[in-house]
Number of protein chains: 2
Amino acid sequence: MRDTPYLAVDVDLLEANLAAMAEHARTLGLALRPHAKTHKSPEIARRQLARGAIGLTVATVGEAEVFAAAGVDDLFIAYPVWAEGERADRLRALASRSRVRVGADSIEGVRMLAAAVRAGRPGGAPLAIAIEIDSGHHRSGTAPDRAAEVALAAREAGLDVDGVFTFPGHSYGLEAASPAAGEEAAALGTARDALVASGIPCPVVSGGSTPSARAADGGVLTELRPGVYVFQDAQQWELGASDPGSIALTACATVVSRRAGVAVVDAGSKVLGADRAGFASGFGRLPDHPEARVVAVSEHHATIAFPAGAAVPPLGARLRVAPNHVCSAVNLADELVVLRAGAEVGTWPVAARGANT
Amino acid sequence: MRDTPYLAVDVDLLEANLAAMAEHARTLGLALRPHAKTHKSPEIARRQLARGAIGLTVATVGEAEVFAAAGVDDLFIAYPVWAEGERADRLRALASRSRVRVGADSIEGVRMLAAAVRAGRPGGAPLAIAIEIDSGHHRSGTAPDRAAEVALAAREAGLDVDGVFTFPGHSYGLEAASPAAGEEAAALGTARDALVASGIPCPVVSGGSTPSARAADGGVLTELRPGVYVFQDAQQWELGASDPGSIALTACATVVSRRAGVAVVDAGSKVLGADRAGFASGFGRLPDHPEARVVAVSEHHATIAFPAGAAVPPLGARLRVAPNHVCSAVNLADELVVLRAGAEVGTWPVAARGANT
C-alpha cells in the first residue's frame, strides 16, 4: 500500500472528461487546443491529441520545451512572453523545430519577440503572434480597440499575426460563466474586427476557460483552450461547472489526528495547494463526503470538519480530497498515480512540473 | 542573465537571520531546533547546526530521510506520524541510523509507532516520542490534560517519551504573537506537569513558531522550533515579526504587461504559492516598493498595483517579490539562486522539495 499523501487519477473518469470536451468543441465547430499547464503530462497530451485536439496551449517556454520534446509539434504559448536573454535563444530553438504561436499584448513585447527569432538566422525562425485581449479579467491583455496597434507592430517587425486570444478568468465566480463568455465573445469580436479593418487577417479567435467553455459562443470563437476539464476540481464543483462524480484527480490522504467532528489528514497545502477563491467553501472538497468541509490547511495538515451527527472517519482511514485548483496541486507532485477501477495500474510523470521560465 | 522567474537568497541577510535567532535562543537559555520544512536545504541546515542548533525539526519521514542522508543525526519529526506500511519500514530504517524523535497525539498512533520500530528487530530501534499538545491552534494535538494518557500508552508500548510539544499556529494574526506564546507556555506547562505527576519525566518542552519565538517564555520551554526566520517573508513583515530589510528570499520576476497603475510580472502562484492569510494585504510584498500591493495572482502572473502618482516599472524591469509564505514558495522550486551583494555566487538544491510522505 503506497504511502500517503499522493495524487491519484482515475483514468476512466479522465477519459470521460476528455471525450466530453472533445465532443463539445466538435458540436460547436471549434478547434480544441487544451491548456497543458493543468496536467503537465505527455501521457495526457497524447490522449487529448488522439481525440482531435489540434495542438496544445502552454503557459511558458519551459512547458513548450517539455511538450515539444515529447513530440507535440503545434504549441501556443498563451502568455505575453518577454523574449530576452536565454529565453530568446530557447524560443528561437523551439520555433525552429515546432509550430509555435506566442502571445503578446505590447508593442515592446512583439519587438523583443521579433528580435529573438531573427537573431543569428537569415529570415528568422517562423513564429506566429496572437494578440492578447483583456475581456474583463484585468490581468494581461490589451483593450480590444488597441489590438490592431500591437498587431501592426508585429507585422512591421516581420512576424506573422494569426489572431487574437483572451482568458476570461472572471468566469471563476458564482453565476459568472455565462456573462464572462458573453464579454469574451464581445471583446474578441471587437479585436478581430479591428485587425481586419487594419488589413490584418485574423483566422484565430481563441478563448475559453473550463467554466466558460460550456457557454462559449461558436459564432465568434474559432478555438477553445480549457485546461482544468481533464481532471475537474473542487472549484469547478462549487461553480457548478462539474459534478463530484466527474472529478478524476484526488489526493489520497490518511487521517492522522481526530477529535469530535474533526478529522485531520496528511495532505496539506504542499499537496493540495493553498488556493482559495472568494467563492470557495473551504480548501478542497471530499467527493465521498460532500457534507464535509476542509476548514483549514497548513503545509502537511488539512483539517476537515464533519457536520453534527455525521460519523468522523477513524484514525488511519484513507480519504480522497479534491484540490480546490487542480493545476496547483499537480505542479506540486513529481508523478500521478494512475487508477483503473480503484486499482493502481501505473504512474505518469508530471514532466513539466516547475517549468516556470 | 538568468531567465525569470526564480527564487534568490541573499546569503548575508540569511546569515544575519540565522545569527539573530541563535543569539535569541541562547539568551533565553533554550535549545534551538529549527524547522527545516522552510528551506529543505542541507546547505542551510549545516549553517544552522554550525551556529549551535542541537538538531533539526522536520514535518515528514521523507524530509527526515533527506536530512539524515545529508549527515544530520538528530531529527524531530514534529508530526503525528501514522506508521503503517512502507512508512513504518522507512521510519525503522531511519531510527536505526539517526537519533529520531516523533510526535504523537493518540494512543492508536503510539501503538502503530511502537509496532513499526519493533518489527523484525529484537528490542526494536530506538525512537523517542513527544506528545503533541493543542495550545489553541486547533489543528492536531491532545488537550493538555490528556497528554499523560498518550504518554503512558507510549511507555506501555515500549517507547521512550522525552517530552511535549506544540505549534502555536494561532500566533499568525495581528497582535497575536504574545497571547499565543502565553497560551503555548500554559498548555505545555500543564501537559508537562501531567506527565511528571504520572511518573513520566519530561525533559523536553518544545514550542515556538517564528512570530511567537520572540515572545517565548524561557520559564517553561526548553526548545524552540521556528522555521520561517531563516528567510522571513511578507507574512512576517505584515505581522511585524520582521522588517522588509530582513527578507532574505525573494522571487525575481520580469514585468511582462503594464497599464495605468499596474505592472504584471511573471511570478505567479506556481512560484510564490497561493497562500493568503486573513491578515495579509495581498499575495506577496515588494521590499523595494513597500507601497505596492500584489492584488492578484494566477499561475504565471502577479498583478501589482501601485498607488496613484507612483511610477510603474517599465516592461522588462526585474522586480523582487517576497512570497507571503516562504515555505510554500521554496517547495515549488528545484533550486535557490544564491546572491552575495547582488551577484550570483551559486545555487543550492531544494533537496527535500516534495518530500511529503
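Summary of values
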quantity	calculated
Where a residue in the stretch B:1-24 is in contact (Cβ under 8 Å) with a residue 40 or more places away in the chain and more than 14 Å from chain A (Cβ to nearest Cβ) and its partner, wherever it lies, is surrounded by fewer than 22 Cβ atoms within 10 Å (Cβ to Cβ) and among the hydroxyl-bearing types (Ser, Thr, Tyr), with Cβ under 9 Å and at least six apart	B:13/B:246; B:16/B:246; B:17/B:246; B:20/B:246
Residue within the stretch B:30-47 that is without any contact (Cβ under 8 Å) to a residue 24 or more places away in the chain and either among the aliphatic types (A, V, I, L, M) or within 15 Å of residue B:356 (Cβ to Cβ) (or both) present	no
Condition broken by residue B:117, with the remaining ones in (1) closer than 17 Å to residue A:256 by Cβ; (2) modelled with pLDDT under 95; (3) hydrophobic (A, V, I, L, M, F, W, C) satisfied	(1)
Residue B:220 vs. criteria free of Cβ contacts under 8 Å to residues at least 60 places away in the same chain, among the aliphatic types (A, V, I, L, M), buried (at least 23 other Cβ atoms within 10 Å of the Cβ) and not in a helix (DSSP H, G or I)	no
Unique residue being under 30 Å from residue B:353 (Cα atoms), within 14 Å of another protein chain (Cβ to nearest Cβ) and touching a Lys or Arg at 6+ places or on another chain (Cβ under 8 Å) when the list is A:271, A:228, A:264	A:264
Residue count for the stretch B:95-117, restricted to those that are more than 8 Å from chain A (Cβ to nearest Cβ) and either closer than 18 Å to residue B:156 by Cβ or crowded, with 22+ Cβ neighbours inside 10 Å (or both)	14
Hits in the stretch A:70-87 (condition: buried (at least 21 other Cβ atoms within 10 Å of the Cβ) and either assigned to a loop (DSSP other than H, G, I, E, B) or not basic (Lys, Arg) (or both))	A:72, A:75, A:76, A:77, A:78, A:79, A:80, A:81, A:82, A:83
Selection from the stretch B:277-309 of residues that are assigned to a loop (DSSP other than H, G, I, E, B) and over 26 Å from the mean Cα position of the chain (by Cα)	B:289, B:291, B:292, B:306, B:307, B:308, B:309
Options A:191, A:280, A:267, A:213; residue that is out of contact with any Asp or Glu (no Cβ under 9 Å at 6 or more places or on another chain) and farther than 30 Å from residue B:112 by Cα	A:213
Which listed residue, of A:199, A:173, A:182, A:189, is surrounded by fewer than 24 Cβ atoms within 10 Å (Cβ to Cβ), assigned to a loop (DSSP other than H, G, I, E, B) and either away from every other protein chain (no Cβ under 14 Å) or of a type in the set (S, T, N, Q) (or both)	A:199
Hey, residue A:67 in a helix (DSSP H, G or I) and either assigned by TED's automatic domain parsing to the domain that holds residue A:219 or touching a Leu at 6+ places or on another chain (Cβ under 7 Å) (or both) or not	yes
Yes/no for residue B:97 being assigned to a loop (DSSP other than H, G, I, E, B), closer than 30 Å to residue B:240 by Cα and not hydrophobic (A, V, I, L, M, F, W, C)	no
Residues located in the stretch B:310-338, provided they are more than 19 Å from residue A:60 (Cβ to Cβ), part of a strand (DSSP E or B) and aliphatic (A, V, I, L, M)	B:322, B:336, B:338
Single condition residue B:357 does not satisfy, out of (1) of a type in the set (S, T, N, Q); (2) within 11 Å of chain A (Cβ to nearest Cβ); (3) assigned to a strand (DSSP E or B)	(3)
Residue in the stretch A:61-75 that is closer than 26 Å to residue A:322 by Cα and within 14 Å of another protein chain (Cβ to nearest Cβ) present	yes
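The values are calculated or read from the model by the stated rules, or taken from the named source; none is laboratory data. Since we're looking at a predicted model, the values are computed, not measured. Quick reminder, even Gly has a Cβ in these numbers, built from the backbone with ideal geometry, and neighbours come from all protein chains shown.
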